[in-house]
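Participant: This is the structure I want to talk about, given as structure tokens.
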Amino acid sequence: MNTGESVEMPGGMQGVVSDWSADKEAFKVPWGKAMMWIFLVSDTFIFASFLTGYMTVRMSTTVPWPNPSEVFALTIAGHHIPLILIAIMTFVLITSSGTMAMAVNYGYRGDRKKVVILMLLTALLGASFVGMQAFEWTKLIVEEGVRPWGNPMGAAQFGSTFFMITGFHGLHVSAGVIYLSVVAFKVWRGDYEKKGNYEIVEITGLYWHFVDLVWVFIFAFFYLW
Amino acid sequence: MAHVAIADEGQELHHPKSWVTAYIWSQDHKVIAIQYGITAISVGLVALVLSGLMRLQLGFPDTFSFLAPYEYYQYVTMHGMIMVIYLLTALFLGGFGNYLIPLMLGARDMVFPFLNMLSFWVYLLSVIVLMASFFVPSGPTGAGWTLYPPQAILEGTPGAGAGILLMLVSLAIFIVAFTMGGLNYVVTVLQARTRGMTLMRMPLSVWAIFVATILGLLAFPALFVSAIMMTLDLQIGTSFFMPAILSMGENLEYEGGSPVLFQHLFWFFGHPEVYIVALPAFGLVSDVLSTHARKSIFGYRMMVWAILAIGGISFIVWAHHMYVSGMNPYFGFFFATTTLIIAIPTAIKVYNWVLTLWRGNIHLTVPMLFAIGFIFTFIHGGLTGLFLGNVSVDVPLSDTYFVIGHFHMVMGVSPVLVLFAAIYHWFPKITGRMFHNALGVWHFWITFLGTYAIYLPMHYLGFLGVPRRYYAYGTTDLIPESAHTMNAGITVAAFIVGTAQILFFINVFWSLRKGKKADPNPWRATTLEWQTPQTPPAHGNWGPELPVVYRWAYEYSTPGSAEDFIPQTDPVDETHPSSGE
Ligand code: HEM
Ligand SMILES: [Cu+2]
């Protein structure tokens, strides 16, 4: 049907623009995926605001900032190892990104069983991340005496930003674990067989990779600075 | 060119089975739009009443005693916040965005109708939480709509405790609601246009709402985060925004926070917010002007690029609200420059509106009157914005009535005039009835002239140095007797304008029951929403087939055509030539 669009496509930059603005979907992806992308951009701004806030108060506070590699050290079998727990947590989360990617891959091939197993494994790794975070929080609160409003080691903002940012991220991970489990259950039940595609697995994957990526930034800004 | 039948992609329309699912828990974008509209206008009325009470106090401080000083602060705050967020943002995006996007693009609904429905109910919750703050013992917060800490959460501020907490919680809920709706609007525009509807054939209303929604999705996060941080400062005792401080003779526990951080976060949201309400107004008014002037919009492409440019630049001007907070002169220079730069695409739009009217076949219908009124008030408010954008001019004028006059002209009155224009313009489509013309004309003239009577004198008061957010001025050398007289005059004008809005409501209710049955396309407009098989459009908007688009949205008075308009759905041939693109 001729809708008045020229059939010939111009080349170069002009071509990109007219292709993108043509009367079709701007992105060749399902609606849900496009929406997840845009949501994640918005969520990026949330985390960026949190981290900017953290950097600002870290500079505005008049009291010295506690040394993170001291605070986040564990003594294991008599050895004092800085940042060990965080290293394990980061490793676990990055691994979960790997299992998620594999789940998506098996989704393309329509291997229902493997998809379910890998998604559940991802959820399990996510849950253990949250578990370790709970352990870390407990240690900070009970042993080090860190509170959102103050701590014995220095600037009060250390505790406030730590609990707020890791807490908000932890909520994202927890939501992701639930999301993964629900989708895995639906895949297992065969909800997507009719449609014949597992795009929902991919969308879940996007969210999960994003949460991991954000963690890398939090890790770098909070623990390594 | 391979074509994806996009608007039909796997969308299973939710078919309402009962009255409740059709009108209450409805997933139909048109019903949701009306729900948004009614809620927004209702809270807007609350804000209007509050401003009336404030004006009584300011105009006749010795005669009336409706307000205690602390109540004045509470009412200023609630008035400002409701107007900006809960009325304008909700009505433009939740109301008109919801109604027009699918119809103008030839879609059956938003891409995720269920999420869209949730968006409204969560918005309603945020309104309820906000209104609840009138009924807690502390009353609503009196921190000013900008909620600057440290004062926002200190004991001495009216509404300390529950008032400010409810405000912050309500804002956070509102942002969640907005995000659910906003994602829908953006994805619908990107992915669900009908055949032939290229981006450059979209009506400017859709373009503007689209870009405004993106601004919202990127700007509201900053407000969301500041609301969380302030809630923690308030409830848990963290010190994000709170420095060491002495309040009511007591040393508080706070230490080392940064109040200016809040200002940056707030205005990183706050300035784009101005455009979140202004851009939809720009878009809607473009369509109204073009239709009623029977002329294609002047410089369509330029208009689109101007919308995009304004949207982009609006993220790098925020600190012009903070000149008096103290900043490095180079930053002041930077933000003054970007502020003046954003005036360029804005001015282009104004020229294009005027050139659209130039030699048009202007029909002075009620929507057109409001649209032309908007051009006046917007130019007016825009010009005073140029003053305030410059550091050296802003510093003495900041926090005076000059600022009140400026922003009421540019983001208070102007968008409201467009809202009226849009409501009158689309009323026949939404309700299937015509409104009462004479009542509409009276409503326009009183509102339009009245706003000048209210806000022009405020600029003069500002030059005198009369400060804003004051309960009463008493007698000082600063403020001459004439200023008090002027304040009384402003109040009288405000009352006339406020009361005149009753004409609008009478008109709506009367027309709903007794209005003439509307023609499907009473304004003889080109865009898709006027070409629906039913008026008001039925669930699913279109018949069995989606419409197909053959031309741009502004085919008015095309040379060689018998009619003075050609709908977007008419194929191009000898008797229906194409002028556009
Ligand atoms: C008849 C219409 C209106 C009247 C009579 C009115 C009147 C007032 C008054 C008396 C104040 C307080 C000034 C002060 O003491 O500082 C005020 C503040 C304000 N108004 Fe309006 N207003 C109207 C409409 C609007 C609209 C449509 C908006 C939407 C943007 C709006 C936004 C604001 C804001 C943001 C403030 C500042 C609040 C603050 O200082 O925290 N107003 N208005
Ligand atoms: Cu601004």
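Participant: Along the charge dipole of segment A:13-224, which of A:Gly78, A:Phe47, A:Ile178 sits closest to the positive end, that is, farthest toward it, with unit charges on the beta carbon of Lys, Arg, Asp and Glu (+1, +1, -1, -1)?
Facilitator: Towards the positive end, the residue furthest out is A:Ile178.
Participant: Okay, next question. Once you sort the root eigenvalues of the Cα gyration tensor of segment A:13-224 as a ≥ b ≥ c, which label holds: rounded (a/c under 1.5), prolate (a/b larger than b/c) or oblate (the other case)?
Facilitator: Judged from the Cα gyration tensor, segment A:13-224 comes out oblate (a/c at least 1.5, b/c at or above a/b).
Participant: With +1 on the Cβ of every Lys and Arg and -1 on the Cβ of every Asp and Glu, and nothing else charged, how large is the dipole of chain B about its Cα centre, in debye rounded to the nearest 20? Numbers along the way, then the final one.
Facilitator: On the way: 22 positive and 28 negative charges, 268 e Å.
Around 1280 debye, computed over chain B.
Participant: Another question, then. So for A:Glu202, B:Glu250, B:Glu255, what's the accessible-area order with a 1.4 Å probe, most first? Could you put the intermediate results ahead of the total?
Facilitator: On the way: A:Glu202 40, B:Glu250 115, B:Glu255 95 Å².
Highest to lowest solvent-accessible surface, that is B:Glu250, B:Glu255, A:Glu202.
Participant: If you don't mind, another one. Counting only protein heavy atoms and a 1.4 Å probe, tell me what percentage of chain B's accessible area is made up of carbon and sulfur.
Facilitator: That share works out to 69 percent.
Participant: Charges at C-beta only: +1 for Lys and Arg, -1 for Asp and Glu. How large is the resulting dipole of segment A:13-224 about its Cα centre, in Debye rounded to 20?
Facilitator: Numbers: 14 positive and 14 negative charges, 101 e Å.
Result for segment A:13-224 is approximately 480 debye, rounded to the nearest 20.
Participant: Taking each residue of A:161-168 in turn, how many C-beta atoms of other protein chains fall within 10 Å of its C-beta, and what is the average?
Facilitator: 2
Participant: Residue separation times 0.36 nm, minus the C-alpha to C-alpha distance between B:His363 and B:Phe331: what's the value?
Facilitator: Numbers: separation 32, 0.36 × 32 = 11.52 nm, distance 4.76 nm.
Extending this stretch completely gives an extra 6.8 nm.
Participant: Another one. For a bin width of 10 Å, list the pair-distance distribution of chain B built from all Cα-Cα distances, rounded to whole %.
Facilitator: In whole percents, the pair-distance histogram is 3, 17, 28, 27, 16, 7, 2, 0, 0.
Participant: So for the pair A:Arg112, B:Val176, with labels modelled 7 Å out along Cα→Cβ, what separation do we get in nm?
Facilitator: Distance between label points: 3.5 nm.
Participant: Quick one: if the Förster radius is 45 Å, what FRET efficiency do B:Glu253 and B:Ala347 give, using the C-beta to C-beta distance and rounding to 0.05? Before the final figure, lay out the partial values.
Facilitator: Working: r = 51 Å, r/R0 = 1.12.
Calculated value: 0.35.
Participant: What FRET efficiency, computed as 1/(1 + (r/R0)^6) with R0 = 30 Å and r the Cβ-Cβ distance, is obtained for B:Ala132 and A:Ala175, rounded to the nearest 0.05? Display every interim value, and only then the final one.
Facilitator: Values: r = 27 Å, r/R0 = 0.91.
Once rounded, the FRET efficiency stands at 0.65.
Participant: Something else about it: Roughly how large is the B-A contact in terms of buried accessible area, totalled over both chains, probe 1.4 Å, nearest 100 Å²?
Facilitator: The B and A chains share an interface burying roughly 4000 Å².
Participant: What FRET efficiency comes out for the pair A:Met13/B:Val393, r = Cβ-Cβ distance, R0 = 45 Å, nearest 0.05?
Facilitator: E(calc), rounded to 0.05, equals 0.65.
Participant: Please give the average number of partner chain Cβ atoms lying within 10 Å of the Cβ of each residue in A:60-69, rounded to a whole number. Working shown, then result.
Facilitator: Numbers: counts 10, 6, 4, 2, 0, 0, 0, 0, 0, 0.
Mean shielding by partner chains, rounded to a whole number: 2.
Participant: Still on this structure: So for chain A, taking the charge dipole from beta-carbon charges (+1 Lys/Arg, -1 Asp/Glu), which of A:Trp215, A:Thr204, A:Thr56 sits furthest toward the positive end?
Facilitator: Of the options given, the answer is A:Thr204.
Participant: With every protein chain present, what accessible area does B:Ile236 have (1.4 Å probe, heavy atoms only), rounded to the nearest 10 Å²?
Facilitator: 70 Å²
Participant: Express in nm, to one decimal, how much length is gained between B:Phe60 and B:Ile236 on full extension, taking 0.36 nm for each residue of separation and deducting their alpha carbon distance.
Facilitator: Details: separation 176, 0.36 × 176 = 63.36 nm, distance 4.25 nm.
Here the segment from B:Phe60 to B:Ile236 would lengthen by 59.1 nm.
Participant: Could you give the DSSP H helices of chain B that reach 18 angstrom or more along their long axis (alpha carbon positions) and whose average Kyte-Doolittle hydropathy is no lower than 1.6? Intermediate results must be reported in sequence, preceding the final value.
Facilitator: Numbers: long enough: B:29-59 (43 Å, 1.33); B:69-81 (19 Å, -0.78); B:113-132 (29 Å, 1.92); B:162-191 (43 Å, 2.01); B:204-235 (45 Å, 1.91); B:259-292 (49 Å, 0.94); B:300-313 (20 Å, 1.53); B:329-357 (42 Å, 1.26); B:366-389 (34 Å, 1.77); B:414-431 (24 Å, 1.12); B:437-464 (41 Å, 0.94); B:481-514 (50 Å, 0.86).
Span-like helices, by this rule, are B:113-132, B:162-191, B:204-235, B:366-389.
Participant: Which GluC sites (Glu not before Pro) does segment A:101-157 hold that lie in a coil by DSSP with at most 16 other beta carbons within 10 Å?
Facilitator: A:Glu144
Participant: Now, a different point. If packing is taken as the average number of other Cβ atoms within 10 Å across a peptide's residues, how do B:28-35, A:101-108 rank, most packed first?
Facilitator: Ranking the peptides B:28-35, A:101-108 by packing returns B:28-35, A:101-108.
Participant: Which values, in whole Å and largest first, are the semi-axes of the equivalent ellipsoid of segment B:304-396 obtained as the square root of 5 times each eigenvalue of the Cα gyration tensor? List each step's numbers first, then the result.
Facilitator: On the way: eigenvalues 205, 41, 17 Å².
Sorted largest first and rounded, they come to 32, 14, 9 Å.
Participant: Quickly work out the B:Leu386-to-B:Leu512 label distance, labels modelled 7 Å from Cα along the C-beta direction, and quote it in nm with one decimal.
Facilitator: Those two pseudo-labels are separated by 4.4 nm.
Participant: To continue, here is another question. Identify, among B:Pro259, B:His320, B:Phe298, the residue whose Cα sits farthest towards the positive end of the charge dipole of segment B:216-373, taking +1 on the Cβ of Lys and Arg and -1 on the Cβ of Asp and Glu, with the dipole about the Cα centre.
Facilitator: Sorting the options by dipole projection puts first B:Phe298.
Participant: Provide the gained length on full extension for the span A:Trp188 to A:Phe221, in nm with one decimal, where the gain is 0.36 nm per separating residue minus the Cα-Cα distance.
Facilitator: Contour length minus Cα-Cα distance gives 8.0 nm.
The values are calculated or read from the model by the stated rules, or taken from the named source; none is laboratory data. Small disclaimer: the values here were computed from a predicted structure and weren't measured. Here the Cβ is made from the backbone with ideal geometry for all residues, glycine too, and neighbour counts use every protein chain on show. Side chains included, ligands, DNA and RNA excluded: accessible areas come from the protein's heavy atoms. Shrake-Rupley method; radii C 1.70, N 1.55, O 1.52, S 1.80 Å.
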